[in-house]
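The values are calculated or read from the model by the stated rules, or taken from the named source; none is laboratory data. What you see is a predicted model, and the numbers here were worked out from it, not measured in a lab. With ideal geometry, Cβ positions are generated from the backbone for all residues, glycine too; neighbour counts draw on all protein chains shown. Each accessible area value is taken on the protein alone, full model and side chains, heavy atoms only, with ligands, DNA and RNA left out. Shrake-Rupley method; radii C 1.70, N 1.55, O 1.52, S 1.80 Å.
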Amino acid sequence: MKKRPLLWCWSVAVALISPAAGAQQAAAPAVAEETDALTDKARQLYEEGRQAAGAGKWADAHASFLAAWAIKPHYQIASNLGVACLKLGRNREAAEYLTRYLREAPATKVKERQSAEASLREALAKVASVKVQVAPQGAVVTVDGTAVGKAPLADPVFLDPGKHEIGARLDGYVSVKRPVVAAAGGIDKVVFQLERTPASGVVVGPGPVGPMAPPPRDNVRTAVLVGGGVVAGVGVGAGVLFTVLANGRASDARKLRAELVVEDSGMRLCPTINPQKCTDLSDAVDARVDFSNSAFWSFVGAGAVGAGTVIYGLVTMESAAPSRSVQVTPLWGPDTAGFSVSGMF
């Protein structure tokens, strides 16, 4: 009698726990059943597509294969879907599906692969094949604005003949696009190297080009005055240098004359007495004349530039002064009649 309450409690506990355990065990079969149902549906659509293809109803076969592919993208479905696309003239899609089949199908399926390769050659003869390479990886590759995958792409991009635009975009990088003219049976390669977006995020383009503003008037005046002063100073310096050289050559000439007079007993007959000294004397005299002329014209040039600079400074100083203005206002009143004159004189 004492053990019955204990057994009864154990029975109740087991009864309460059993439903929960049964629910947990039933959850996994439910998921498996759902997966099997999807697989069964894809298999059913695949079989319907094969039957339609056998009857030559390629539009119905394409629809069934495409629906099966949407549920389960298996390589076997890709093969049949590619053939259906080829029969319907959808050559680009046929090349895509057949290429994927050959990439994923086992090598043991020799006959199936040979058949798919033949169909792929037929499709490639009518489309262009473009190998797209993008750095960095992960960039979205687009064809005519529609995304076709992320880099690196496992297969080439197939294009119908005509003009297209291939692009690539990635967050943090500048998007790029490139026009491509696709030819049937053509093979091409496009390489993109994306550049990082500037930190500011703002691209400043060239502004409108207009006439250059003239330099400030004061700057021009200063440049002229300083330049004129420098040129005048250089002229004076050159005049002084040439004068010193002329005096030196004059001194040499006097010395040579004195030596020739002594040698010729006061007669200084050139070039009979000493031809070499006579030649040196002539050279010294000519050099003195040249240096004297150079000194003269250096002083003249320096004076002209200096005078011109001074005159320019005076003229611009006067023109820079405030303009004079006079305002005359008539005055009229009971006890006043006349004019009021005001302004700057």
Check whether at least one residue in segment 179-196 is more than 22 Å from the chain's Cα centre (by Cα), at pLDDT 80 or above, assigned to a loop (DSSP other than H, G, I, E, B) and of a type outside the set (A, V, I, L, M), and report yes or no.
-> yes
Residue tally, condition over 21 Å from E122 (Cα atoms), among the β-branched types (V, I, T) and open to solvent by less than 40 Å² (accessible area, probe 1.4 Å), over segment 148-173 = 1
Only one of V176, V143, V130, V181 is of a type in the set (A, V, I, L, M, F, W, C) and open to solvent by 50 Å² or more (accessible area, probe 1.4 Å); which?
-> V181
So which residues in segment 91-114 are open to solvent by 60 Å² or more (accessible area, probe 1.4 Å) and touching a residue at least 24 places away in the same chain (Cβ under 8 Å)?
-> R92, E96, R100, R103, E104, E112
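For segment 64-152, which helices (runs of 4 or more DSSP H) that fit wholly inside it have 3 or more residues that are under 20 Å from I187 (Cβ atoms)?
Correct list: 91-104, 110-124.
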Is there a residue being of a type in the set (A, V, I, L, M, F, W, C), part of a helix (DSSP H, G or I), at pLDDT 80 or above and open to solvent by less than 70 Å² (accessible area, probe 1.4 Å) anywhere in segment 261-280?
-> no
Any residue at all in segment 165-173 that is in contact with a Phe, Trp or Tyr (Cβ under 9 Å, 6 or more places away or on another chain) and part of a helix (DSSP H, G or I)?
-> no
